[in-house]
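Okay, structure first, notes after.
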Amino acid sequence: MDLDQNMNLDQQIAELLALSKATLGEEAAAKVAQAVELAQLFHHGQVRKLDGSPYVTHCVEVAYNGLSWGMTDLAATCGALLHDAIEDAPAHLEAEQRLQAFDAHVFEIVQSLSKIRNLQTGSGDLPATYRRILGAASKDLRVLVIKLFDVYHNSGSLNVHGRANAKNKASLALIYVGVARRLGMITLADALIERILPHLMPVQYDRAKETLEEMQKRGAPGMERLIPQLEVVMGEGFAHGYAIEARTVGDYFFLTEQPGTGQLMRISWPTYRLRLLVDDDEAAWRVLGKMHSHFGPLPRHIRDYLNAPRVNGFHALTTRIVWDGHPLNVQVVRQRDERANRLGILAEWGVSGPDPGRYMRLLATLGDSDLRMSEVHAHVLPDMLDVYTPRGDRLTFPVDSVVVDFAYLVHTELGERCIGAKINGIQRPPEYILRDGDVVRILTSKQARPQRAWLDVVKTARARTLIKQALKNPDISVKGIQRSGNGHFQLTELASPDIVWSMCCLAVPGAPIVGRLSEDAHWIVHRANCGKIQGSQWETGSWNIVESGESLDISFTVGHRTGALLEILQLIAQSGINGRSLQGKGRSPESYLISMELDGKPPMALGKFLTQLVHVPSVQEILHYAWKV
């Protein structure tokens with residue numbers, strides 16, 4: 001579907017205009033031609049690093065790819081042609097004004113696709129740009145689809161950037177693999193992975209490819225012997241076509257929660273998949289039954305995605321059989337679903353674009369300024385599980401989601417009052433990790449409230465956002481803090497997980513302190529005279545702790561010189577403190593990291609030791625301290 005890389009610019013433009021006329025009509029093709037002229041104007045004199053060709057060839061190819069893959073939309077095609085105009089055009093050309101005059105819808109698309117610049121460095125602010133693109137996509141999916149084709153085309157020339165830069169750009173491009181998968185654009189996602197992996201993990205990729213090719217070579221004769229056996233499911237009322245496909249390295253690659261990272265799983269069987277094409281549901285079930293009776297199914301691998309399609313719209317009956325001593329994946333697909341299973345939302349495109357209804361739930365909280373990039377990224381992870389309500393309604397979640405995720409997706413109040421759930425009839429806590437196929441009934445209490453600890457376990461952006469909003473309630477209780485309501489608090493517990501101790505001013509027991517509630521319901525404690533204290537939201541505090549044998553956990557850096565450690569050990573001995581544990585490792589040629597846990601003295605004495613430690617000549621910086629019971 002891509003344009004020939006060897007075509008010159010005039011040929012590429014002619015191909016795009018011919019395709020526009022064939023798919024969008026003559027009048028629309030004329031407007032595409034106007035967009036081409038604007039793109040040439042905005043990118044005049046700019047060249048690509050790959051081969052020195054005019055930069056506008058990239059814009060033409062992005063538009064051509066989108067149109068040829070199925071994005072049959074005039075505004076989207078023009079937006080693809082002009083997607084870099086605002087950020088790349090010289091200021092005197094007044095790109096924004098010209099685009100608004102050209103087409104308001106195209107301008108909105110291009111504006112959403114333009115990079116947000118970091119005010120300090122001047123370079124692109126990736127998290128902010130990513131949030132804006134996904135936020136705009138919640139209103140107009142064309143923005144996201146154009147971005148996917150932009151990333152796809154750029155990933156074909158990563159080799160010109162050098163090894164380190166290519167790996168970095170590959171990790172950024174990898175973010176959009178999950179987006180493509182979630183929108184059902186499996187073919188595009190696979191193509192992206194094949195372009196990205198050689199740069200992201202070259203050694204692992206080469207080994208995996210070699211292993212996969214060897215295993216497929218061993219399995220190829222068995223696939224040849226399978227073909228005559230397929231006669232049992234071919235014919236009128238059964239399957240009318242089949243395809244035996246070799247799996248790719250991308251099939252063994254999974255995204256991880258951290259944006260731009262993934263894991264390449266060990267290459268193992270099955271290395272082939274069999275796709276059987278049928279006309280309707282009845283034929284699909286007949287074929288599945290005949291396959292099971294003839295070959296025998298592998299338990300726990302049978303899925304009905306015809307009546308309960310996957311969240312990305314995939315429709316099929318899937319199973320796994322053993323053939324020639326190895327497992328083989330089987331998909332029974334209705335003919336009308338074949339294209340949609342490969343192209344997803346692109347297969348639905350019509351005159352006014354696809355119906356975005358079933359994608360909106362996935363995009364509902366994207367672009368929320370309160371979300372960190374990793375939280376936004378969690379929405380586009382490919383690994384999902386299906387969980388059911390007692391009535392049989394199916395809800396889809398990221399892998400490792402918990403009961404609280406389920407509760408918040410059903411209803412906000414259900415999440416806030418959640419005390420656990422009955423899963424498959426067994427009572428489980430709110431933090432219980434859901435499994436594929438679980439039937440969940442949420443248990444609630446009027447006295448229950450959202451817990452800060454839930455933020456450490458939830459996987460959905462919706463749950464995280466709603467929990468944060470609930471925790472902003474100034475009346476929420478914080479373990480270890482007693483508030484009087486008149487701007488004063490008492491600190492009653494040192495080892496509370498809800499308390500965050502400042503690293504800048506060492507708020508040790510006995511020192512004058514201030515504190516406030518953070519957005520995630522931690523209580524932040526500083527010394528009253530700390531230079532970082534600003535604003536009027538801080539409350540004055542006092543100490544009301546019971547000396548019950550807390551230990552002090554400290555991590556700090558020490559200059560790499562003779563006698564540095566001796567100075568610290570002498571201070572410990574002088575203070576009469578016990579060293580419960582002591583560890584050290586090199587951090588740089590100039591310093592090393594020391595972690596220690598100390599006890600044997602009351603908190604006041606341990607706090608005094610901490611303030612003295614700062615003044616030891618060899619100590620460079622306190623990185624962390626916390627109290628433990």
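The values are calculated or read from the model by the stated rules, or taken from the named source; none is laboratory data. Computed from a predicted structure; not experimentally measured. Backbone-built Cβ (ideal geometry, glycine too); neighbour counts: all protein chains shown.
May I ask you to verify whether Gly45 is in contact with a strand residue (DSSP E or B) (Cβ under 9 Å, 6 or more places away or on another chain) and either free of Cβ contacts under 8 Å to residues at least 24 places away in the same chain or among the hydrophobic types (A, V, I, L, M, F, W, C) (or both)? The answer is yes for Gly45. Residues in the range 229-279 that are of a type in the set (Val, Ile, Thr) and more than 12 Å from Val330 (Cα to Cα): Val232, Val233, Thr248, Val249, Thr256, Thr261, Ile267, Val278.
Ala191 meets each of the listed conditions (1) outside any loop (DSSP other than H, G, I, E, B); (2) at positive phi apart from (2). Of all the residues in the range 540-581, those that are assigned to a strand (DSSP E or B), touching a helix residue (DSSP H, G or I) at 6+ places or on another chain (Cβ under 9 Å) and more than 27 Å from Cys530 (Cα to Cα) number 2. When the range 138-185 is filtered for residues that are farther than 25 Å from Gly70 by Cβ and among the β-branched types (Val, Ile, Thr), only Val160 remains.
Residues that are surrounded by 20 or more Cβ atoms within 10 Å (Cβ to Cβ), more than 29 Å from Gly66 (Cα to Cα) and more than 27 Å from the chain's Cα centre (by Cα): does the range 223-235 have at least one?
Of the range 223-235, the ones surrounded by 20 or more Cβ atoms within 10 Å (Cβ to Cβ) are 233.
Filter again for more than 29 Å from Gly66 (Cα to Cα), leaving 233.
The next check asks that each one be more than 27 Å from the chain's Cα centre (by Cα); those that pass are 233.
Yes - at least one qualifying residue is present in the range 223-235.
Per the listing Leu466, Leu414, Leu434, the residue uniquely touching a helix residue (DSSP H, G or I) at 6+ places or on another chain (Cβ under 9 Å) and more than 18 Å from Thr389 (Cβ to Cβ) is Leu466. Of the set (1) in a helix (DSSP H, G or I); (2) closer than 21 Å to Leu144 by Cα; (3) in contact (Cβ under 8 Å) with a residue 60 or more places away in the chain, all apply to Gly219 but (2). Quick one: would you say Thr187 is in contact with a Lys or Arg (Cβ under 9 Å, 6 or more places away or on another chain) and not assigned by TED's automatic domain parsing to the domain that holds Arg163? Considered against the rule, which asks whether it is in contact with a Lys or Arg (Cβ under 9 Å, 6 or more places away or on another chain) and not assigned by TED's automatic domain parsing to the domain that holds Arg163, Thr187 comes out as no. Looking at the range 530-539, which of the residues that are in contact with a strand residue (DSSP E or B) (Cβ under 9 Å, 6 or more places away or on another chain) and assigned to a loop (DSSP other than H, G, I, E, B) is nearest to Thr492 (Cα to Cα)? Looking at the filtered set, the residue picked out is Trp538. The residues on offer are Pro299, Pro309, and the sole one that is part of a loop (DSSP other than H, G, I, E, B) and either surrounded by 19 or more Cβ atoms within 10 Å (Cβ to Cβ) or within 28 Å of the chain's Cα centre (by Cα) (or both) is Pro309. The C-beta contact set for the range 399-428 (first residue among the basic types (Lys, Arg), second residue part of a loop (DSSP other than H, G, I, E, B), distance under 7 angstrom, 6+ apart or interchain) comprises Arg417/Ser445; Arg417/Lys446; Arg417/Ala448.
The single condition among (1) more than 30 Å from Gln482 (Cβ to Cβ); (2) modelled with pLDDT of 90 or more; (3) hydroxyl-bearing (Ser, Thr, Tyr) that Ser588 does not meet is (2).
Look through Asn159, Asn168 and report the one residue that is assigned by TED's automatic domain parsing to the domain that holds Gly70, free of Cβ contacts under 8 Å to residues at least 12 places away in the same chain and of a type outside the set (Gly, Ala, Ser).
Values: Asn159 fails: free of Cβ contacts under 8 Å to residues at least 12 places away in the same chain.
Going through Asn159, Asn168 in turn, just one is assigned by TED's automatic domain parsing to the domain that holds Gly70, free of Cβ contacts under 8 Å to residues at least 12 places away in the same chain and of a type outside the set (Gly, Ala, Ser): Asn168.
Output the residues belonging to the range 515-559 that are aliphatic (A, V, I, L, M) and either touching a Pro at 6+ places or on another chain (Cβ under 7 Å) or closer than 27 Å to Met596 by Cα (or both).
Filtering the range 515-559 for residues aliphatic (A, V, I, L, M) gives 517, 521, 524-525, 528, 533, 545-546, 552, 554, 558.
Residues satisfying the conditions are Leu517, Ile524, Val525, Ala528, Ile545, Val546, Leu552, Ile554, Val558.
Which residue is farthest from Val179 (Cα to Cα), if the candidates are limited to the range 269-296 and must be of a type outside the set (Ser, Thr, Tyr) and part of a loop (DSSP other than H, G, I, E, B)? If we take residues in the range 269-296 being of a type outside the set (Ser, Thr, Tyr) and part of a loop (DSSP other than H, G, I, E, B), then Gly296 is farthest from Val179 (Cα to Cα).
Rundown of residues vs (1) out of contact with any Leu (no Cβ under 8 Å at 6 or more places or on another chain); (2) at pLDDT 95 or above; (3) assigned to a loop (DSSP other than H, G, I, E, B); (4) on the phi > 0 side of the Ramachandran plot, yes/no style:
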site	(1), (2), (3), (4)
Ala33	no, yes, no, no
Glu37	yes, yes, no, no
His105	yes, no, no, no
Lys115	yes, no, yes, no
Thr129	yes, no, no, no
Ile133	no, no, no, no
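Against the numbered list (1) at pLDDT 85 or above; (2) closer than 23 Å to Val457 by Cβ; (3) in contact with a Lys or Arg (Cβ under 9 Å, 6 or more places away or on another chain), Ile533 comes up short only at (2). Taking the range 8-53 as the range and being crowded, with 19+ Cβ neighbours inside 10 Å and either closer than 17 Å to Ala89 by Cα or of a type in the set (S, T, N, Q) (or both) as the test, the residues that pass are Gln12, Ser20, Ala35, Val36, Leu38, Ala39, Phe42, His43.
Within the range 39-90, the set of residues being modelled with pLDDT of 95 or more, of a type in the set (Phe, Trp, Tyr) and under 29 Å from the mean Cα position of the chain (by Cα) comprises Tyr64 only.
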